[in-house]
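Nothing in this text is a laboratory measurement; each read-out follows from the coordinates by a stated rule. Owing to the predicted nature of the structure, the values given are computational and were not obtained by experimental measurement. Every residue, glycine as well, gets a Cβ built from its backbone with ideal geometry; the counts of neighbours run over all protein chains shown.
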Amino acid sequence: MAKELKIDKDIERFGALISEHQAAVRACIRVMGIPEGYVDDVAQDTFITAYKKLNEFDSSRSMRSWLLGIARNLVMNERRKKARRFRILNDHLTDLMMVHAVPVVEEFKSEERIDAVKDCIENLPERNREVINKKYEQGKTAALIAQEMQKDSSTIRHLIARIVTGLRKCVDGKLEEVGI
């Protein structure tokens with residue numbers, strides 16, 4: 001019975017960690033290019049992995065950083081698996097978003113991709129450019145952007161998703177034009 005009590009307390013403490021860090025983990029996963037419909041799955045995998053490895057956690061480190069590192073590794077593993085590739089947004093845009101989500105990311109593979117992304121962003125309507133700038137250049141959350149723009153945060157999240165989808169199509173089109 002004592003062992004059950006310890007497990008219950010651990011689960012309760014871990015539940016508190018999930019509550020505290022869930023929003024940051026979900027945001028990080030989404031910014032790294034996982035479509036909205038799969039964010040919950042990857043976040044759940046992140047917390048399951050963290051629970052299994054909780055005894056490996058170095059308490060001198062930040063719990064948030066550790067969880068975001070696990071999430072990043074899961075996303076990178078996902079990108080490597082051909083069978084699951086359809087769940088990830090376009091690789092070009094995913095690379096761009098990961099630069100802003102996680103500081104240590106491999107560099108872009110070609111100038112053409114960077115130019116295509118810049119050109120597509122420049123051709124966005126001013127309001128959309130402003131939202132993308134706040135999200136990816138300034139690193140603001142959808143909630144903060146919503147507050148600044150006096151909008152609902154879910155409206156801003158949906159707007160960002162629509163903008164990213166449009167950018168993905170634009171970048172694909174521009175890269176096709178140059179034969180990449």
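A few comments on the model shown:
- Taken along the Cα-to-beta-carbon direction at a fixed 7 Å, the label points for Q22 and D10 span 2.2 nm.
- Taking C120, C28 and counting other C-beta atoms within 10 Å, the order from fewest to most: C120, C28
- Potential extension, Y51-N73 segment - 0.36 nm per residue separation minus Cα distance: 6.4 nm
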